[in-house]
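To keep things clear, I will list the structure first and then write my remarks on it.
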Amino acid sequence: MTPSDLRSRLRADSIRHLWIVYHDYNGRACAKTVPASKFADALERGIVFARANLDFALNDHMAEGAIFQAQTGDFLAVPDPTSYRPLPHLPGVGIVHAFMLNEDGTPFDGCPRAALRRMVERCSQRDMRITLALEAEFALYRKTETGDYEPASADGMFTVAGLSRHAPLMLEIVETLETMGISVEQLGKEYGPSQFEFTVRYSDPLTAADEYLITKLVVKALATKHGMIASYMPKAFDHLPGCGLHVHLGLWRGDHNLLAGDPLSPLGLNVVGGLLAHARGLNGVGAPTVNSYKRLLPGSWAPAHIAWGVGNRGTLVRVPDSHQRARIEYRAGDCTCNPYIYLTALLAASLDGIDRQLDPGENMHADDVGHMDADALAARGIDFLPRDLETALSAFESDLTLTAPLSPVIAAEFVKVKRLELAAYQLAVHPWERALYLEIT
């Protein structure tokens, strides 16, 4: 689709306002709305944002040592026409994802979406086609009169009651996404109170990331309309299950499934080997908040160990199916990530596994890794994932396989932004601390 094609589509859809969106290094959606009178110029040339925007953390403070300051100019957010979707819940409004360009129209090294596109091109040069499906979990909350949050309901896992209670919202989510051309494979009640999980159909990596982000936007907006808050926070309460983002990966050459085997092809085993070899660094971009590490606990159904297994939901890498339906599921990420950055790193790890023919080690298909003691883990050669954000960021920063495809700009500035967030957390005094220490000291 060309910019001219998109203008025709906008007219046909009666779009009066177009949201041109990019995602910063936190994964936060950033946008400006453009009125119809300015569509032609915006679609051809893009719209201006300050480069300094990229070096702000979620608390809207600039990272220490950031290279993008007030004097470093702008980038252009140039719409990718193929990513356009109308927003049915906002009549007359459409949304389109952008690539970041320098002001002279050349590629900007700091663009995460372009980094993922380059990685997909690397795979295409090997005559490999990637398919991805992102399986995201979210929970519904209501705000109490005291300002606290509580789950919107307490129905059991995968129960009809859980779907029925929130049926108007769930049906509207699916129907809205279908209207936008986004096919939800399934949406179900998950483990925790008011926790749900959806999977969007397999597609190419760039489309998968775009559609996942639009789905998050739609879910949150429609939940608000129904008087609730939809949250993808990894661990909102210490006593409730957390929310993750599972990546399902397929590799194809034409109609041939390159992962197919028993349980995987040799190439598929190498992919798993690459993911395990780079798991520590992948945590830095896939689970990039302090809260992420309160979810990744042993025995919690969220992976805490570097292991793989067929059908084993307690492992970091799971092989749900073998033979012709073979795919690989990576389970450590969560929805606080920037998916373009995360998927770029994840595919880089996969290719490294193929190039170096890495052996993934023992198939832990019959063992509950999360409940094994330290001696048993050591005997099987199973290590922990990073237990905190600083360890994960350091692992990412030192892993050239992961950082190189992200360009020096993205990798370095991402780490600065996340370390600012970590420093703010470490200085904050939490209610738990007052409850424990205030009166006894």
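The values are calculated or read from the model by the stated rules, or taken from the named source; none is laboratory data. Every value quoted in this text rests on a predicted model; they were computed, and no experiment measured them. Counting neighbours? That spans all protein chains shown, and the Cβs are built from the backbone with ideal geometry, glycine included.
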Exercise. How many residues are surrounded by 20 or more Cβ atoms within 10 Å (Cβ to Cβ) and among the basic types (Lys, Arg) when one looks only at the stretch 88-133?
Worked result: 1
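Yes or no, residue by residue, for (1) under 26 Å from residue 393 (Cβ atoms); (2) assigned by TED's automatic domain parsing to the domain that holds residue 128; (3) in contact (Cβ under 8 Å) with a residue 60 or more places away in the chain:
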site: 234; (1), (2), (3): yes, yes, yes
site: 238; (1), (2), (3): yes, yes, no
site: 245; (1), (2), (3): yes, yes, yes
site: 270; (1), (2), (3): no, yes, yes
site: 282; (1), (2), (3): yes, yes, yes
For this session: Considering every residue within the stretch 116-129, establish whether at least one is under 27 Å from residue 49 (Cβ atoms), aliphatic (A, V, I, L, M), touching a strand residue (DSSP E or B) at 6+ places or on another chain (Cβ under 9 Å) and in a strand (DSSP E or B).
Result: no
For this session: Kindly check whether there is at least one residue in the stretch 134-143 that is at pLDDT below 95, surrounded by fewer than 14 Cβ atoms within 10 Å (Cβ to Cβ) and either among the aliphatic types (A, V, I, L, M) or assigned to a loop (DSSP other than H, G, I, E, B) (or both).
Result: no
For this session: Would you mention how many residues in the stretch 51-94 are of a type outside the set (D, E, K, R), under 22 Å from residue 35 (Cβ atoms), under 23 Å from the mean Cα position of the chain (by Cα) and in a loop (DSSP other than H, G, I, E, B)?
Result: 2
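Does residue 343 fit the bill of being modelled with pLDDT of 95 or more, under 17 Å from residue 403 (Cα atoms) and surrounded by fewer than 21 Cβ atoms within 10 Å (Cβ to Cβ)?
No; evaluated as a whole, the condition is false for this residue.
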Exercise. Quick one: would you say residue 303 is closer than 28 Å to residue 25 by Cα, touching a Cys at 6+ places or on another chain (Cβ under 8 Å) and surrounded by 21 or more Cβ atoms within 10 Å (Cβ to Cβ)?
Worked result: no
Seminar exercise, completed: Within the stretch 179-211, the count of residues that are under 25 Å from residue 13 (Cβ atoms), more than 21 Å from the chain's Cα centre (by Cα) and without any contact (Cβ under 8 Å) to a residue 60 or more places away in the chain comes to 0
